[in-house]
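The values are calculated or read from the model by the stated rules, or taken from the named source; none is laboratory data. Because the structure is a prediction, the values reported are computed rather than measured. In this analysis, Cβ positions are derived from the backbone assuming ideal geometry, glycine residues included, and neighbour counts consider all displayed protein chains. Surface areas here come from the heavy atoms of the whole protein model, side chains and all, with no ligands, DNA or RNA. Shrake-Rupley method; radii C 1.70, N 1.55, O 1.52, S 1.80 Å.
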Amino acid sequence: MADLIRRLKEKDKRYIARVISRIENGDPEREQLLEALFPHTGQAYVLGITGSPGAGKSSLMNGLIRYLRQKGMTVAVIAIDPTSPFSGGAILGDRVRMTGHSLDEGVFIRSMGSRGSLGGLCRAAKDAVKVLDAAGYDLVLLETVGVGQAELDVMHAADSVSLVLNPTAGDVVQVFKAGIMEIADLFVINKADLPGSHRLAEEIERMLDLKPDLPWRPPIVKTIATREEGLVLLWEKLEEHRRFLEQTGERRRRRQRQAELELKELVQDLLGQKLAESLASPDWQHELSQVVSRQKSPISAAREWLRRVRFD
Ligand SMILES: Nc1nc2c(ncn2[C@@H]2O[C@H](COP(=O)(O)OP(=O)(O)O)[C@@H](O)[C@H]2O)c(=O)[nH]1
Ligand SMILES: [Mg+2]
């Protein structure tokens, strides 16, 4: 444990991957690991990239990584793709596309999503962000597919969220449905080489016009990821958003909201654990039999039980 932080900060990729796996797999020392990481977190800029499968998120990140490496920044990626266990293609595709970075010491890439529930994945991804943050990466990119609740939840771990859309019909409708408007800080219209990007941009503008009081009006950036076009502007806009976060205190507000979510979740988990332990006791069987024999109502037995469980 004493060595942990030093070795993380050396950015030994195999070591980092191992630490992430240990936390992900519920290692007995998971809590101690997270405890040791804690003082070293809170530094990285965490950028969420979300959007439908095939929108070009991985391609965009690939170009962005190349650009940022030239600027001397270190970058870590966590790509969450719950569809990958079924198709098997997404992760492989990512690997092929990102393979150019595999020898680069300043780039760490991790795909998640080969197991477990989306909720568990969400937790694992957030923990992985902590590991990479403690390791000292300047930027942590979080890629999620689609716009489900779990993906939205992951995005709460990000400082800035980019929503990647394509100039194809239906995308904007989807945006409305999922309520992702609220968490998108920036709209990327990728595949701008295909027709329709101008119309899509107008549609988004109209949507944003309905919310004239936004303290930050999400900019719209057109990109062609496959030709690495638009990436400089994309990064400029992200930097602008980052400055907005710092200067307006919005970053603090976001981190507070994040902390509250995380804390609630942890308390709930711990309560659940304690409760499960208590239900394994012989007293519980006794309580149950009293309800079965109708000496006690279920609700009064439940309340009594709560009073007896030690939650500390
Ligand atoms: N025409 C065009 N195709 C693109 C562009 N960006 C990505 N693609 C292609 O779209 C497909 C999906 O890209 P990918 O980055 O894997 O999308 P992801 O699922 O969102 O990560 C790939 O075949 C890419 O080559 C673009 O700007 N223009
Ligand atoms: Mg991808």
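A compact table of results
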quantity: Whole-Hz ³J(HN,Hα) from phi, Karplus 6.51 cos²θ - 1.76 cosθ + 1.60, for the range 138-145, glycine and proline x; calculated: 5, 10, 10, 9, 10, 9, 10, 8
quantity: Sequence of Val309, Val292 from largest to smallest accessible area, 1.4 Å probe; calculated: Val292, Val309
quantity: By average C-beta atoms within 10 angstrom, highest first, the peptides 2-12, 124-134, 274-284; calculated: 124-134, 2-12, 274-284
quantity: About the Cα centre, charge dipole magnitude for the range 261-308 (Lys/Arg +1, Asp/Glu -1 at Cβ), debye; calculated: 320
quantity: Tilt relative to the chain, helix 57-70 - C-alpha long axis, 0 to 90 degrees, to 10; calculated: 70
quantity: Rounded FRET efficiency, nearest 0.05, which uses the C-beta distance separating Arg252 from Arg206 and R0 of 35 Å; calculated: 0.65
quantity: Degrees between helix 118-134 axis and first principal axis of the chain (Cα, 0 to 90, nearest 10); calculated: 70
quantity: Magnitude of the charge dipole, the chain, Cβ model with Lys/Arg +1 and Asp/Glu -1, debye to 20; calculated: 280
quantity: Most to least packed among 235-243, 40-48 [average Cβ atoms within 10 Å]; calculated: 40-48, 235-243
quantity: Mean ellipticity per residue at 222 nm, deg cm²/dmol - from DSSP H runs of n ≥ 4 across the chain, formula -39500 (n - 2.57); calculated: -17000 deg cm²/dmol
quantity: Distribution of pairwise C-alpha distances over the range 261-308, 5 Å bins, in %; calculated: 5, 20, 23, 21, 14, 9, 6, 3, 1
quantity: Sequence ranges 262-272, 27-37, 190-200, ranked by mean other-Cβ count within 10 angstrom, highest first; calculated: 190-200, 27-37, 262-272
quantity: Cα-based shape type of the range 177-312, given that a ≥ b ≥ c are square roots of the gyration tensor eigenvalues and the cut on a/c is 1.5; calculated: prolate
quantity: Rg ratio (alpha-carbon, reference 2.2 N^0.38 Å) - the chain; calculated: 1.16
quantity: Helix 231-248 axis, angle to the chain major axis (alpha carbon atoms, nearest 10°); calculated: 50
